[in-house]
Structures are given as C-alpha cells and as structure tokens.
Amino acid sequence: MTGGRTVPGLLRGRAVDTPGAVALCHPDGSSLTFAAWDRAADALAAELVDEGLRVGQRVALLFDEREWFGYAIAFCGVLRAGGVAVPLSTRLPPRQLVDRATATGAVGTIRAGGTVPAGLGGWRRGLASPGGGTTPDRSTPDDAAQIIFTSGTEGSAKAVVATHGNLTYGHDTAPGRRHLAHSRHFLHAFPLGTNAAQTMLLTGLAAAPATLVVPRFDAAEVCAAVEDFRVGTLFLVPSMARELLASGEPHRRDLSSVVLVGTTGDILPAPVARALGAAMPNATVVNTYSSTEAAPARTTMVFDSRRPHAVGRGAVRVTDAAGRVADPGEVGEVWIRSDAPPRRYLDGDDTATFREGWTRTGDRGRLDDQGYLHLVDRDSSVIHSGGTKISSLAVEQALHEHADVLDCAVVGIPDPVLGERAAAVLVTRAGTVPADLRGFLTGRLSTSEIPQRVVCVDALPRNDGGKVVKRSLRDLFRPDGSAPAPAPQTAVERQLAGIWATVLGVAAVGRDDDFLALGGNSMSVLRLARLVSDQFAVATPVSALFTRPGLVEQAAWIAARLPGPP
C-alpha cells in the first residue's frame, strides 16, 4: 500500500497485525505498543467527538520532547476524530505559539502537562485514558491532516498543509515490506513541530523496527542509547552530526550496530560525511534532500567521494525564471516531485511554489551530465557582489574543509561599492579566526568569494530543525558592513589603507580587506603600484600587489622594503 490511507488507518492496521510490538520507546526503558497507542488515540478521539470537534477543525498540540508518547497519541487521536493537528513545540516563545495557533485557526489546545500560554484560546485539556471502544475514523485520505511551519531561516515561516494521503504515501505496513527491516531500533532526537520529526512519526507507524526517541539531542545520551539498544539506524541533522563527532563519544562507545546513518534537513558537508563514516565504519551514510513544502518528494544520496556535494537524482528538474528546463551544468531553480498528493500553503499563495505536481524548493542548483543534483545556494542566500553571484553554500563548503573550523555560516552584508560582500561567522576549536584562513581559502575560492569579514562565536543560532537562522547573523555586522572588521594597526597599514580608499573610491578600508574583492582590477592595481612607489619610496611592481591582494599582506611586503620610517 503506497497511499490512499489515513494516518489513523495506519495505526489501526499495525494494532491489528502486531498489537504487542513496541512502536515507541525511551532510553529509560518505557515503551508504547501499537495496541496501546491505538487504544489511547481511540479514547481521545471519542472524547473530542463528544465535546463537539467538527471534521476539519484545527487543534494545536503543545508538547515537550519528553512527552513523545503523549504527542503521538494526541496526533492520531485528533486525526481519528476528523480534526487537523497543528504541532507546536514548547521551545517556541509564548508570543510565537499564540501567533501560530491563531494563524491556523486552532479551536483549542491539547497539552499533556504544564501550562498553556495566555492567548491560546478555546479549550485546553490533558489526554484521555485508554478506553475499550472503537471510534470510527472520521477522516479520509483527501482530508487535511496536519499544518506545520517552514523553517523561516531567511524570512517569515509559512504554514504548510498536508493531507492524509500525502503523509501516508509510500508507507507499506504489510509484513515483509516494512521500512528499515535491517534494524531492531531506529533512533532520532528531532524536535516536535519540525518536518523531520513528523517524518519520523509516520516512519514509526509503518517501519519494522521500534522508534527509540531521545528527548533532546545530547551526544553522550545518543551514543549510550545506540550502544545499549544496539541501534541499527540513526537519524540526524547535519548540525547534530557535527556535535556528535566533536564530542568524542563515538570513540568511547560501541557503535558497531549502526548500519545506516540518515541525515536530513540541511546540506551534509563532505568532511562531516567522511568523519561519520570513519566513526561508524559499518554504516552507510545517506543524505536526504527535501523541503517542508515538497515532502514526501525527495532525493537521497549515499555519500560518494567522487561527488561529495551531490544530493541525489530522480524526479528533479532545474529551470530558469521563465520555467525553461535548464541544460546540464546550468544553474537555475530546483523543483522536485513525487506521485503523492501535493502539499499547499495555508494562505493559498501557491502559484510560485506548486505547479502540476512539482514543488519549487527555493534552492538554486544544477544537474550534472549523469543527472545528479548539485545545490548552489538558497535563492535568498545568494550574495550579489559587484555583478557577481556568490554562493554562500560554496564558501561554507570550503570553510568546512579547514581543520580548525567546527561550524560556519556565510551571509551577505551591505557594501557601499559592491552592493554586498561575503561575511563568515565561525565556530572554531580555539575560539579565534585561524591565522591561515585567508591563505587556506585562496586556493579554493575566487577572490570575490573569500569572506572579507570573519567573526567567531561560541555557537551558531539554529532553529528547531537544526538550520542556521542566517537573518540573525547579520546583526553581528553593522548595516554599512564596516564592522566588526579591525581597523588598520601599523603606520604602513594605515597609510596604505588611505591609498586604497583613494584608488577604489571607498569611504573606509578595514585591516582584513582584499583589494580585488573591493572592486580592484588590473588598471586600478597599476595605479595603486604607482602611488605606493611614490609615497613609500619603494619600487613596487604590479605583480607584487596583484599576488598579495590583502591589506595586511601588501603592508608587510612594503614594510620589509622601506628605506626608513614610513
């Protein structure tokens, strides 16, 4: 069965076929069987119907990750009663919880414990006790089942509606055809309210192994659970993978049971994929590319060192802005599709995203001559610098290759001459910008791609899905892009910065600036060489400056040849 079912129908089928099998379990030893899950969802559905919940009405589900069993029961109970579930995480600020519940038109809130923020109107309730009756499933495959929100890393999050047919597509509960049959347990620690967590919930309904849920990601707890339960399949987002590797826990625990590591939600950097393979040598590392809007459409890619940045192939196409299908190697808008009933935006603004079964992902990419998709960047993250389009993703991939860089993000910041320039925010082993970073990047990136502003932070801001919230990173830089770059320090640097400002027509020059990235070219370098020769009394060939575009590099070259004080 690949579709045409409801979510409560999947649960009822498992409760009949495998009533005593463990559906969900926790590292503390607690568990929930399919039969118990079905009975509790049934009891909740009966109470909701008695209280007047009408088919199609939306119900907010407000749960902490420690309450996964209760969340799973509430989700299926609401759907069996004919309602539409609106998963919300307690991690969200109260104001945002209220805004999201209001935007979806939720008529009430189910909360297993704790308080409900003021402003979440309608009724609030706990969970019903398991009953003994059977509530008819009031939903159909074509009915809306859930409303979840996009990540909103570069703008406002949007509400996305998925039907039962969309959620159940591809899930076959027949014995011998269930997913992940190589495992007794599969483990994840995805936060409630995210598309990844919803995927895990549906996978747990149909998969052969039990779902082992770690409430919040902690490398030590995850590795301990893998060892104790002999987990066969481990699901992560790339940020979790980096944290896992940095913790050293894979070397202290026996992870030999893992045969599949699946990552989703973001691009998996090649160094991270290689490190995962080394830490769990029995595992195949697979990255899944999709989006909240496109699911269950996706591409999957077993990590391949020959194509380290590819994300798979299949039902994917790349087009230009007019909709023309791009040629191999040509960069354009990425669209993916599946035969599942498509999702839609709650506000109905669908025309730019959903077309004839295809879903626009918001990413830019290219297909190689073998049909593999290579992502270039998010549309909203492309940096437009002096007529050049810079891929923040490409710069991040180069930064990840540096041994001292644990995590990174690249954004565009305003520049008075170029419009935008690249800036990088790093998490490093030493907590400082590596001294050799510019030289390391020189052989990997073009001059315009090398970040001209680099700062270090303890951790990057991430949303519940593990994606970097790039819009908040720009707050680290003043709107004019002039900070936090250090000012020229030595007398030679200060005098040279003045010459640069004259030649390039810029208001200010920072110590980390690059002459070519600021708009310099062969003619302006020639003028620069003449002025340096005159003002410093140093014979300065153009090649000496052209091969040393950084202010610090040029100043050091000049200082070493000065006949006297500058």
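The values are calculated or read from the model by the stated rules, or taken from the named source; none is laboratory data. The model shown is predicted, which means the values in this text are computed figures rather than measured ones. Note that each Cβ is placed from the backbone with ideal geometry, even for glycine, and that neighbours are counted across all protein chains shown.
Kindly provide the set of residues from region 197-250 that are of a type outside the set (A, V, I, L, M, F, W, C), part of a strand (DSSP E or B) and farther than 27 Å from R274 by Cβ, ordered by number.
As a first pass, look at region 197-250 and keep what is of a type outside the set (A, V, I, L, M, F, W, C): 198-199, 203-204, 209, 211, 215-216, 218, 221, 227-228, 230, 232-233, 238-239, 242-243, 247-250.
Now restrict to residues that are part of a strand (DSSP E or B): 211, 233.
If the condition is that a residue be of a type outside the set (A, V, I, L, M, F, W, C), part of a strand (DSSP E or B) and farther than 27 Å from R274 by Cβ, then T211 is the only one that fits.
Tally up the residues in region 283-294 that are surrounded by fewer than 17 Cβ atoms within 10 Å (Cβ to Cβ) and either aromatic (F, W, Y) or on the phi > 0 side of the Ramachandran plot (or both), please.
Taking region 283-294 first, the residues surrounded by fewer than 17 Cβ atoms within 10 Å (Cβ to Cβ) are 284.
Narrowing further to those that are either aromatic (F, W, Y) or on the phi > 0 side of the Ramachandran plot (or both): none.
Looking only at that region, the number is 0.
Condition check: outside any strand (DSSP E or B) and over 30 Å from T502 (Cβ atoms). Does G439 satisfy that? Spell out the reasoning first.
Working: outside any strand (DSSP E or B): yes; over 30 Å from T502 (Cβ atoms): no.
No: the conditions fail for G439.
Looking at T359, T351, T299, T388, which is the one that is within 30 Å of H171 (Cα to Cα) and at pLDDT below 90? Explain how you work it out, then say what you get.
Working: T359 fails: at pLDDT below 90; T299 fails: at pLDDT below 90; T388 fails: within 30 Å of H171 (Cα to Cα).
That would be T351, the only listed residue that is within 30 Å of H171 (Cα to Cα) and at pLDDT below 90.
Give the residue, chosen from A43, A23, A72, that is out of contact with any Cys (no Cβ under 9 Å at 6 or more places or on another chain) and farther than 23 Å from G165 by Cα. Steps first, please.
Working: A23 fails: farther than 23 Å from G165 by Cα; A72 fails: farther than 23 Å from G165 by Cα.
Among A43, A23, A72, only A43 is out of contact with any Cys (no Cβ under 9 Å at 6 or more places or on another chain) and farther than 23 Å from G165 by Cα.
Of all residues in region 518-535, count the ones that are closer than 13 Å to A497 by Cβ and either assigned to a helix (DSSP H, G or I) or free of Cβ contacts under 8 Å to residues at least 40 places away in the same chain (or both). So that I can check it myself, show each step before the final result.
To start, the set of residues in region 518-535 that are closer than 13 Å to A497 by Cβ comprises 518, 528, 531-532, 535.
So of that shortlist, the ones also either assigned to a helix (DSSP H, G or I) or free of Cβ contacts under 8 Å to residues at least 40 places away in the same chain (or both) come out as 528, 531-532, 535.
Looking only at that region, the number is 4.
Taking L426 as the residue in question, decide whether it is aliphatic (A, V, I, L, M), at pLDDT 90 or above, surrounded by 20 or more Cβ atoms within 10 Å (Cβ to Cβ) and in a strand (DSSP E or B).
On the way: aliphatic (A, V, I, L, M): yes; at pLDDT 90 or above: yes; surrounded by 20 or more Cβ atoms within 10 Å (Cβ to Cβ): yes; in a strand (DSSP E or B): yes.
So L426 fits the description; yes.
Could you tell me which of the residues A459, A424, A435 is within 17 Å of G550 (Cβ to Cβ) and in contact with a strand residue (DSSP E or B) (Cβ under 8 Å, 6 or more places away or on another chain)?
Numbers: A459 fails: within 17 Å of G550 (Cβ to Cβ); A435 fails: in contact with a strand residue (DSSP E or B) (Cβ under 8 Å, 6 or more places away or on another chain).
Just a single option satisfies the conditions, and that option is A424.
Output the strands (runs of 3 or more DSSP E) that fall wholly within region 29-90 and possess 1 or more residues being modelled with pLDDT under 95, or say none.
Numbers: elements: 31-33, 58-63, 84-89.
Counting at least 1 such residues, we get 58-63, 84-89.
Quick check, is G348 without any contact (Cβ under 8 Å) to a residue 40 or more places away in the chain, surrounded by fewer than 20 Cβ atoms within 10 Å (Cβ to Cβ) and small (G, A, S)?
Numbers: without any contact (Cβ under 8 Å) to a residue 40 or more places away in the chain: yes; surrounded by fewer than 20 Cβ atoms within 10 Å (Cβ to Cβ): yes; small (G, A, S): yes.
So G348 fits the description; yes.
When you scan region 262-282, do you find a residue that is surrounded by 17 or more Cβ atoms within 10 Å (Cβ to Cβ) and either assigned to a strand (DSSP E or B) or more than 23 Å from the chain's Cα centre (by Cα) (or both), even just one?
Within region 262-282, the first condition is being surrounded by 17 or more Cβ atoms within 10 Å (Cβ to Cβ), and the residues that meet it are 262-273, 275-276, 279-280.
Remaining after also requiring either assigned to a strand (DSSP E or B) or more than 23 Å from the chain's Cα centre (by Cα) (or both): 262-263.
Among the residues of region 262-282, at least one is surrounded by 17 or more Cβ atoms within 10 Å (Cβ to Cβ) and either assigned to a strand (DSSP E or B) or more than 23 Å from the chain's Cα centre (by Cα) (or both), which makes the answer yes.
Output the number of the condition that E333 fails; it satisfies all remaining conditions of (1) surrounded by 17 or more Cβ atoms within 10 Å (Cβ to Cβ); (2) in a loop (DSSP other than H, G, I, E, B).
(2)
When only residues in region 23-61 that are β-branched (V, I, T) and surrounded by 18 or more Cβ atoms within 10 Å (Cβ to Cβ) count, which is farthest from V213 (Cα to Cα)?
To start, the set of residues in region 23-61 that are β-branched (V, I, T) comprises 33, 49, 55, 59.
Imposing the further condition that a residue be surrounded by 18 or more Cβ atoms within 10 Å (Cβ to Cβ) reduces the set to 33, 49, 59.
Details: T33: 14, V49: 30, V59: 24 Å.
Per the stated criteria, the residue is V49.
Looking at L496 and the list (1) in contact with a Pro (Cβ under 6 Å, 6 or more places away or on another chain); (2) crowded, with 16+ Cβ neighbours inside 10 Å, which single condition is not satisfied?
(1)
Could you give me the residue pairs with C-beta distances under 7 Å whose first residue belongs to region 537-555 and is in the same structural domain as G498 (by TED's automatic domain parsing) and free of Cβ contacts under 8 Å to residues at least 40 places away in the same chain, whose second residue is of a type in the set (F, W, Y) and crowded, with 17+ Cβ neighbours inside 10 Å wherever it lies, and which are 6+ apart or on separate chains?
Note: pairs meeting the criteria are A544/W557; R548/W557.
In the list T109, T102, T33, which residue meets the criterion of being farther than 27 Å from A157 by Cβ, free of Cβ contacts under 8 Å to residues at least 60 places away in the same chain and assigned by TED's automatic domain parsing to the domain that holds Q198? Quick ask: steps written out before the conclusion?
Details: T109 fails: farther than 27 Å from A157 by Cβ; T102 fails: farther than 27 Å from A157 by Cβ.
The conditions single out T33.
Results for (1) under 20 Å from the mean Cα position of the chain (by Cα); (2) surrounded by 18 or more Cβ atoms within 10 Å (Cβ to Cβ); (3) not assigned by TED's automatic domain parsing to the domain that holds N521, shown as yes or no for each residue.
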{"position": "L375", "(1), (2), (3)": "yes, yes, yes"}
{"position": "K389", "(1), (2), (3)": "no, no, yes"}
{"position": "E396", "(1), (2), (3)": "yes, yes, yes"}
{"position": "E401", "(1), (2), (3)": "yes, no, yes"}
{"position": "V405", "(1), (2), (3)": "yes, yes, yes"}
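Taking region 376-409, which residues are assigned to a strand (DSSP E or B) and closer than 23 Å to E330 by Cβ? Quick ask: steps written out before the conclusion?
Step one: filter region 376-409 for residues assigned to a strand (DSSP E or B), giving 376-378, 383-385, 388-390, 405-409.
Passing the criteria: V376, D377, R378, I383, H384, S385, T388, K389, I390.
To keep it simple, each residue is scored yes or no on (1) in a strand (DSSP E or B); (2) touching a strand residue (DSSP E or B) at 6+ places or on another chain (Cβ under 8 Å); (3) modelled with pLDDT under 80.
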| position | (1), (2), (3) |
| --- | --- |
| A103 | no, yes, no |
| T115 | no, no, yes |
| R124 | yes, yes, yes |
| P130 | no, no, yes |
| T134 | no, no, yes |
| S156 | no, no, yes |
| V161 | yes, yes, no |
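Consider only pairs whose beta carbons are under 8 Å apart and that are at least six residues apart or on different chains; among these, list those whose first residue lies in region 457-469 and is in contact (Cβ under 8 Å) with a residue 24 or more places away in the chain and surrounded by 15 or more Cβ atoms within 10 Å (Cβ to Cβ) and whose second residue is of a type in the set (K, R) and in a loop (DSSP other than H, G, I, E, B).
D464/R91
Check region 531-543 and report whether any residue there is at positive phi and at pLDDT 80 or above.
Let us first name the residues in region 531-543 that are at positive phi, namely 537.
From what's left, at pLDDT 80 or above: 537.
Yes, that holds for at least one residue.
Answer yes or no: is there a residue in region 295-306 that is surrounded by fewer than 22 Cβ atoms within 10 Å (Cβ to Cβ), in a loop (DSSP other than H, G, I, E, B), under 14 Å from the mean Cα position of the chain (by Cα) and outside the structural domain of P191 (by TED's automatic domain parsing).
No, region 295-306 contains no residue that is surrounded by fewer than 22 Cβ atoms within 10 Å (Cβ to Cβ), in a loop (DSSP other than H, G, I, E, B), under 14 Å from the mean Cα position of the chain (by Cα) and outside the structural domain of P191 (by TED's automatic domain parsing).
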